[in-house]
């Protein structure tokens, strides 16, 4: 019993570490464009992002339920399964953050969880319902973000083509505050949910809580608040290397383009997270930025930087699946 309690507490602590690293890596998602277009100063953008991250994290629980019980049935797992996932994810996120790569924190955690489930109970332990949602989110986030970014900026071109660029930038300098706020809010609705799902799944596995009469998982209020606060703190710390990559290296954006990118990414995220699809916030905004940049011509986007991001996109899942598998096997020997 004492060992189980220590393991549960370890999962909670490391999940909060994950949320912190998620916040500082994904700070770029909600503030990079609004900083690069000089609509807000960095400290103003960070304060706004952290506040709305917190609010967004308390709004929805669909993604948390997907992570907590739809990827694998909690009763087939052990607390060590969840522990392995939250060990590998922060390690990979931290390594990539210091390289300035805006990787998917979601893919890191989900990959670690899938690897740990495979080590615990094999392929039969995975539930296709959750795996299908993960696969859908992996591919839809950058593609839909790209398409919507291209469309939104094209609509702006059409409506404001008779105005001077100076007037357009003045209008969208104010409107971008709205789109950046929507981006920060949507980030909270999606990314904070993964940590909530891990902790709640662990509590179910340990027998500390149970499903309701209809088989639904409810996220305890203290878990929601704790994860929301931690991811907001991570956003406040900020990942400035990632901000620089998305905000200036990938494509130089004007205020109306930043508005288009943030609007497209927010729509992409909210459409999916509110239906329980755990997609990547990072890849949604990255795809949107590339779509907006491409609307002015392929040469506007710095495809070399984009290629590095895509490389990290493909590498994250296998690295974290393998890492989750190996860490579980090691922990299983110890415990």
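The values are calculated or read from the model by the stated rules, or taken from the named source; none is laboratory data. Because the structure is a prediction, the values reported are computed rather than measured. Ideal geometry is used to build each Cβ from the backbone, glycine not excepted, and the neighbour counts take in all protein chains shown.
Annotations for the structure displayed:
- Check on residue 86, buried (at least 17 other Cβ atoms within 10 Å of the Cβ) and modelled with pLDDT of 80 or more: yes
- Flag if residue 257 is modelled with pLDDT under 80 and either part of a helix (DSSP H, G or I) or surrounded by fewer than 24 Cβ atoms within 10 Å (Cβ to Cβ) (or both): no
- Some residue of segment 303-326 being in a helix (DSSP H, G or I), over 18 Å from residue 110 (Cα atoms) and at pLDDT 85 or above: no
- Residues that are assigned to a helix (DSSP H, G or I) and without any contact (Cβ under 8 Å) to a residue 24 or more places away in the chain, drawn from segment 99-135: 123, 124, 128, 132, 135
- Checking each residue of segment 136-152 against the condition of being surrounded by 14 or more Cβ atoms within 10 Å (Cβ to Cβ) and not in a helix (DSSP H, G or I) gives no match.
- Which listed residue is within 27 Å of the chain's Cα centre (by Cα) and within 30 Å of residue 69 (Cβ to Cβ), from 122, 173, 149: 122
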